[in-house]
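Take a look at this one; I'll ask things after.
The values are calculated or read from the model by the stated rules, or taken from the named source; none is laboratory data. Please read all numbers here as calculations on a predicted model, not as lab measurements. Here the Cβ is made from the backbone with ideal geometry for all residues, glycine too, and neighbour counts use every protein chain on show. SASA here: full protein model, heavy atoms, side chains in, ligands and nucleic acids out. Shrake-Rupley method; radii C 1.70, N 1.55, O 1.52, S 1.80 Å.
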Amino acid sequence: MDLLTKILHQATKHRVKVLNSYAKTGEALQDQQLRYILDRSKNTAYLAPFRLGQQCSYEQFALSVPVVEYEALAPYIERMLRGEKNVLSPYSVTWMAKSSGTSNDRSKYIPVPKIYLKQNHYKAGSDVVWSYLAENPDSRLFASKGFVLGGSHAPTYEGSGIRTGDVSAILVQNMPSIGEWIRVPSKEILLMGNWEEKLEKLIPVIAKADVGSISGVPSWLLMVIKRVLDYTGAKSVAEIWNNIEVFFHGGISFDPYRAEYGSIMGKEIFYRETYNASEGFFALQDESQDPGMLLLLDHAVFYEFWPLDAYNRGDERAIVPLSGVKRGSPYAMIITTIGGLYRYIIGDVVEFTSIYPHKIKIVGRTKSYINAFGEELMVHNADKAIERACAETGAKVSEYTVAPIVLAEEGRGYHRWLIEFYTQPDSPEQFADILDKTLREINSDYDAKRFNDYTLLPLKMSIVPNGTFHNWLHSKGKLGGQHKVPRLSNNTDILNALLEVVEKRAST
């Protein structure tokens, strides 16, 4: 075993002991996080009008401070971008994480003071390593390099002194110098703004590196790995990186990509999911055999959970802290952080797979689902259906999106699926039929609306040419390792934009 990994194995013991204690101490830790955040932030321009006392309880906090989405914070963010201090955060803010979502064209900026980098992002990143090493005592993780695929950052915002960029770029920019030693590629390449130019520099470097771990969004990383295979002529990843042992993935569901990774890897490796967003690092998979992610409870974040049915009704009385959650129920997640977000609806929908310890899975987005006919289709339903259809047909999916088509005169409609494949199914009709049957099996609301085609007709699937989704992202200036394609929409805006890409390509 290499010396550094051996040293780190010894260092894991205390932190893993803390993580393992969450089952008993989690709710108390959350109370401490709320008190810690409010004690330091209560005099900011945002919180000061609520007059939160020295010993403010959760009940007082919930009654006083409103639940908000980004639009409510936008004026405060603008003040910070112009250089005003003590607006949302009491700490100096020189970096803003620029959101990577594609559901709307307006960028969102999330304050990232250095204290939050330290107490949340870097601390959680270390916990990912500690929990992995604890489960794998024979690991040689640091005998080789870690390949990280991230985003880029932009120039200073309008001369205010604040810089903006993807949160991954902010992490790389501010990472201690040891990061440059254990990571590949270099900071200079990793932070390049032009995606295609970055790939030209990146591919030769990582093709000859000794890579033991990979980290990034599954869809983008798969594209890069395929380019490395083409560049080297290798048949599998293991031929290039024979020390590869783990993939730390996040951002989107891994399920649609699992089969393709298995086919190109060339050896068995570990896959560990992480929940790391612009707003914070919230959970990690601490056991390979348990897909649930451990909610991180002492990382300068206080969590609340809004039952999804109550969220859709706008009933804030149903919001609960950690002590009130139930296993298996979908919740819109609300966060309060030392970084300057207070009762902020992050947009993710989670379910608890375990209570004591609290483990979650991401099942969708508050604005990325389909309920045009009462079917309540969530992203995790669609991902599971894709995974099963691929397994049964041998197909491999690159990207997909779904939207409802309403037939107003009939009072019915159907779901239109656009799918881009790495490997197409021999029978697209069979693939579509498996999608539909799987959704009926795992989603009772979908099944009820499909009964006798009463409300919802069978789905329609269209295979789009390779590169369609890439070209659409390119047209929006969204190329790069942190950008994601919205899977589900309640309108046809994204669907139509993608079909325009297909039509333009066909006409040239």
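Quick one: how many residues across region 14-56 are farther than 21 Å from Leu297 by Cβ and either basic (Lys, Arg) or outside any loop (DSSP other than H, G, I, E, B) (or both)?
Total satisfying the criteria: 5.
Going residue by residue through region 404-415, is there one that turns out to be closer than 27 Å to Glu503 by Cβ, within 27 Å of the chain's Cα centre (by Cα) and either aliphatic (A, V, I, L, M) or in a strand (DSSP E or B) (or both)?
yes
State the number of residues belonging to region 291-324 that are open to solvent by 10 Å² or more (accessible area, probe 1.4 Å) and within 30 Å of Phe270 (Cα to Cα).
2
All but one of (1) modelled with pLDDT of 95 or more; (2) surrounded by fewer than 24 Cβ atoms within 10 Å (Cβ to Cβ) hold for Thr337; state the number of the condition that does not hold.
(2)
Assuming Glu197 fulfils every condition listed in (1) open to solvent by 10 Å² or more (accessible area, probe 1.4 Å); (2) modelled with pLDDT under 85; (3) in a helix (DSSP H, G or I) apart from one, which condition is it?
Result: Glu197 fails condition (2) only.
Within region 241-260, take every residue that is assigned to a loop (DSSP other than H, G, I, E, B) and either at pLDDT 85 or above or hydrophobic (A, V, I, L, M, F, W, C) (or both) and give me the one that is most open to solvent (accessible area, probe 1.4 Å).
For region 241-260, the residue satisfying everything is Asn242.
Go through His121, His153 for me and flag whichever is modelled with pLDDT of 95 or more, surrounded by 17 or more Cβ atoms within 10 Å (Cβ to Cβ) and touching a helix residue (DSSP H, G or I) at 6+ places or on another chain (Cβ under 8 Å).
His121
Follow-up. Name the residues in region 275-292 that are at pLDDT 95 or above and under 16 Å from Glu245 (Cβ atoms), would you?
Within region 275-292, Gln285 is the sole residue that qualifies.
Within the group Ile434, Ile419, which residue is open to solvent by less than 40 Å² (accessible area, probe 1.4 Å) and farther than 28 Å from Glu197 by Cα?
Matching residue, one of Ile434, Ile419: Ile434.
In the list Val363, Val402, Val379, Val397, which residue meets the criterion of being among the β-branched types (Val, Ile, Thr), open to solvent by 10 Å² or more (accessible area, probe 1.4 Å), in contact with a strand residue (DSSP E or B) (Cβ under 7 Å, 6 or more places away or on another chain) and touching a residue at least 12 places away in the same chain (Cβ under 8 Å)?
On inspection, the qualifying residue turns out to be Val379.
What single numbered condition from (1) in contact (Cβ under 8 Å) with a residue 40 or more places away in the chain; (2) closer than 19 Å to Val502 by Cα fails to hold for Phe431?
Going through (1) in contact (Cβ under 8 Å) with a residue 40 or more places away in the chain; (2) closer than 19 Å to Val502 by Cα one by one, Phe431 breaks only (2).
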